Amino acid sequence: MKKGEKRKQELLNLAYRMFIEKGYENTSIDEIVAKAGIAKGTYYYYFASKEATLEAVIEMMIEKESTVAKELLAAQLSIPEKLVSVVNAFRPDKEEAVITDVLERKENIIMHDKICKKIVEVAVPILAEIVQEGIAQGIFSCTYIEERVKMLLVTSQHMFDYGNFGEKDVEVYIDMLEKSLGAKSGTMHFISKVLVEGAKE
């Protein structure tokens, strides 16, 4: 890693920790600069604004999630479990919610859309690989794989990331998922337990 890239990464890691500990709104550029021990001009050389820093921090989080998801491809899990585990890998950690929640604000709608597209871009090929494996093993039977896993991912993000769902929502989601992937009824039923336990955390 070149010196400039290393400095940028150090600033990103610092901003990431400060956003988690203090909250995005309560962290100023001046505080990041002071903590980093650099001139303000140096900060602006790497990031045009605090919003640009937030976007870079979230992209860093997605890269970390992508690494975890790719490692799951080789995990000793059933195909359905692997599929769900990869979807879950692209959810922020509990402590990171203070960062991602900022994207839900009206003024950040453009960044929110950009980040969602980035997650889809990174996650869909990984999910598609798992479904292909499932088809080869006779667990799934479907066409238009990338389009199907994209719908699975987007629906999951919108429905389950904030714990605002009921038992019927879960039942319908599982039914839709099994039918979409051409899986036997009951194949994905274990998701119900995963979601309920996740909502209690």
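Specify which residue in the list Q132, A52, V154 is farthest towards the positive end of the charge dipole of the chain, using unit charges on the beta carbon of Lys, Arg (+1) and Asp, Glu (-1), about the Cα centre.
The listed residue farthest towards the positive side: A52.
How large is Rg over Rh for region 1-47, taking Rg from the Cα atoms and Rh as the Kirkwood inverse mean of 1/r across Cα pairs?
0.96
I need the phi-derived Karplus couplings for region 119-124: 6.51 cos²θ - 1.76 cosθ + 1.60, θ = phi - 60°, integer Hz, Gly and Pro marked x.
Result, rounded to whole Hz: 4, 4, 4, 7, 7, 4.
What are the ³J(HN,Hα) couplings of region 38-45, residue after residue, when phi is run through the Karplus curve with 6.51, -1.76, 1.60 and θ = phi - 60°? Round to Hz, x for glycine and proline.
Using θ = phi - 60°, the values come out as 10, 7, 4, x, 5, 4, 5, 5 Hz.
Using the Karplus curve 6.51 cos²θ - 1.76 cosθ + 1.60 with θ = phi - 60°, what ³J(HN,Hα) values do you get for each residue of region 127-132, in whole Hz, with x for Gly and Pro?
Listing the rounded values in order: 5, 4, 5, 5, 5, 4 Hz.
Would you mind getting the accessible area per residue of the chain, heavy atoms of the protein chains only, 1.4 Å probe, in Å²?
With the other protein chains kept in place, the chain gives 58 Å² per residue.
What dipole magnitude, in Debye to the nearest 20, does region 57-198 give about its Cα centre under +1 on Lys/Arg Cβ and -1 on Asp/Glu Cβ?
The calculated dipole for region 57-198 is roughly 260 debye.
Percentage of Cα-Cα pair distances in region 63-182 greater than 25 Å, rounded to whole percent?
Tail fraction, whole percent: 25.
I'd like the per residue volume of the convex hull spanned by the Cα atoms of the chain, given in cubic angstrom.
Measuring per residue, one finds 136 Å³ for the Cα hull of the chain.
To the nearest 500 deg cm²/dmol, what mean residue ellipticity at 222 nm is calculated for the chain from DSSP H runs of n ≥ 4 alone, each contributing -39,500 (n - 2.57), summed and divided by the residues?
Calculated mean residue ellipticity at 222 nm is -23000 deg cm²/dmol.
Which value in nm describes the separation of the simple spin-label points at S192 and V172, placed 7 Å from the Cα toward the beta carbon?
Using points 7 Å along Cα→Cβ, the separation is 1.6 nm.
Once you've got the GNM for the chain with C-alpha springs shorter than 10 Å, pick whichever of K35, K50, K118 has the biggest mean-square fluctuation.
Of K35, K50, K118, the most mobile in the Gaussian network model is K35.
If a/c stays under 1.5 just call it rounded; otherwise compare a/b with b/c (prolate if a/b is bigger, oblate if not). Do that for region 150-189, with a ≥ b ≥ c from the square roots of the Cα gyration tensor eigenvalues.
oblate
The values are calculated or read from the model by the stated rules, or taken from the named source; none is laboratory data. All of these numbers come straight from a predicted model, not from anything done at the bench. Ideal geometry is used to build each Cβ from the backbone, glycine not excepted, and the neighbour counts take in all protein chains shown. The area values use the complete protein model at the heavy-atom level, side chains included, leaving out ligands, DNA and RNA. Shrake-Rupley method; radii C 1.70, N 1.55, O 1.52, S 1.80 Å.
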